[in-house]
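Notes follow the structure.
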Amino acid sequence: MSNEKIFYSLMPLDDFKVILGVDDREDKLARFCLVTSTLSIEQYCKRKLLRKKYFERIEYIGDLIIPLREFPVSKVLAVYALSSMGGVGEIVEPDFYNVIPDCGIDDDLPFHISLFPALQRYRGLSAFKVIYWGGYVTNKVPADLASACLELAAWNLNRYRSRRIGMTGSVKKDGESFEMKMPENVRLLLEPYRRKTI
């Protein structure tokens, strides 16, 4: 087992160092570039991408299909029915709901909980609290997402190496300069992962 500390990155540090030929003296800088790239990617995609435990409260409006905010979902740990009368809520047994698509599928699409009609008889039902694991496990990050992290981290590493710390790359457009926050090739790789908002 590796002694390497777990850190927040879409790409393992060792893989990054091997691909770019980064030696151990630049470990700190390589880590920094990977973590900041991962956070920038999540900000750009408007969603969390790495596996995390979520506690989500979803208002009940009478629909038997309730959407989960984060995805993909690897496991639903618990579902609670909350009453308008207060209290901690009652646990909903797994026999009374399904997860669509099935948990553990790494497809990059929203997940839903399909409730059984019997739950509509729950007195004063106002919301559901769902506890689940959402996002990608570090060693199962899709290749194009890991490539986007590699490209962005390498781009940042080169900027820091050439002592242009704080610069994001200036490009001339119509006689004016503007700062480019992310290379175009990285944006193209990330497009399928962006949260679509209506």
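The values are calculated or read from the model by the stated rules, or taken from the named source; none is laboratory data. These numbers were taken from a predicted model, which means no experiment stands behind them. Positions of Cβ are generated from backbone atoms using ideal geometry, with glycine treated the same way; all protein chains shown enter the neighbour counts.
Residue 67 meets each of the listed conditions (1) surrounded by 11 or more Cβ atoms within 10 Å (Cβ to Cβ); (2) free of Cβ contacts under 8 Å to residues at least 24 places away in the same chain apart from (2). The strands (runs of 3 or more DSSP E) found wholly in region 2-99 and carrying at least 1 residues that are among the polar types (S, T, N, Q) and over 30 Å from residue 144 (Cβ atoms) occupy 73-83. Residue count for region 70-93 satisfying the condition of being surrounded by 16 or more Cβ atoms within 10 Å (Cβ to Cβ) and over 20 Å from residue 123 (Cα atoms): 6.
Residue count for region 117-147 satisfying the condition of being surrounded by fewer than 13 Cβ atoms within 10 Å (Cβ to Cβ) and more than 17 Å from the chain's Cα centre (by Cα): 6. So residue 109 fits all but one of (1) touching a residue at least 40 places away in the same chain (Cβ under 8 Å); (2) under 24 Å from residue 184 (Cα atoms); (3) not hydroxyl-bearing (Ser, Thr, Tyr); what number is the exception? Against the list (1) touching a residue at least 40 places away in the same chain (Cβ under 8 Å); (2) under 24 Å from residue 184 (Cα atoms); (3) not hydroxyl-bearing (Ser, Thr, Tyr), residue 109 comes up short only on (1).
Each row is one residue, and each column tells you yes or no for (1) touching a strand residue (DSSP E or B) at 6+ places or on another chain (Cβ under 9 Å); (2) at pLDDT 95 or above.
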residue	(1), (2)
91	yes, no
110	yes, no
113	yes, yes
133	yes, yes
145	yes, yes
161	no, no
166	no, no
179	yes, no
192	no, no
